[in-house]
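Here's the structure, in structure tokens; my notes come after.
Nothing in this text is a laboratory measurement; each read-out follows from the coordinates by a stated rule. Keep in mind that what you see is a predicted model, and the values were worked out from it rather than measured. Reconstructed Cβ throughout: ideal geometry from the backbone, glycine too, with neighbour counts over all protein chains shown.
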Amino acid sequence: MGLLSTAADAAVVLFSLAVAAAAPLIDAQAVLPRRLFPAPHVRLHRWYATEFGDYLAAEPPGFFRGLVWLELVLHWPLSVATLYGVLARRPWAGATALAAGVSVVTAMGNLVMNLDFNRFSLQYSGTGLAPAPSSQKKKRP
């Protein structure tokens, strides 16, 4: 049981460390003025958006800005608290890890649905409700 607990703690620490580092330095660029960030971080953010074609990072829509605010106001403090709690072996670390995890899963549901809908809507014209022109449809043998 000790090995499993140590592995779970390591996974929680790595996730919390990633959120604690990325949220204020990278993700916050979607909602705060870029002049507040160091130049290397702004270049990294722009490079990522262009290299991987991430339209959410390049021109964040309103719902994504809301999710970034949620990350800055809720996920980031919970991740920092979880990081401290796990490393210092505090008894409340499990509660903060659970709260952070539930919040992240809920936010990820919105992002996955948006990405899935965008992939789906590429197959259809206009609003996504009308079928694509017949020239684009695959013909069945």
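With label points built 7 Å along Cα→Cβ from the Cα atoms of residue 99 and residue 74, find their separation and express it in nm.
Going by the 7 Å Cα→Cβ label model, 1.1 nm.
Got the relative contact order for region 2-122 handy, in percent, Cα pairs under 8 Å and 6 or more residues apart?
Once normalised by length, the contact order is 28 percent.
Report the label-to-label distance for residue 87 and residue 58 in nanometres (one decimal), using points 7 Å from each Cα along the Cα→Cβ vector.
For residue 87 paired with residue 58, the spin-label model returns 3.7 nm.
Place a +1 charge on the Cβ of each Lys and Arg in region 2-122 and a -1 charge on the Cβ of each Asp and Glu, then give the dipole magnitude about the Cα centre in debye, rounded to the nearest 20.
Once rounded to the nearest 20, the dipole reads 280 debye.
Take each of the peptides 36-47, 59-70, 2-13, average the number of other beta-carbon atoms within 10 Å over its residues, and list them starting from the highest.
Final packing ranking: 59-70, 36-47, 2-13.
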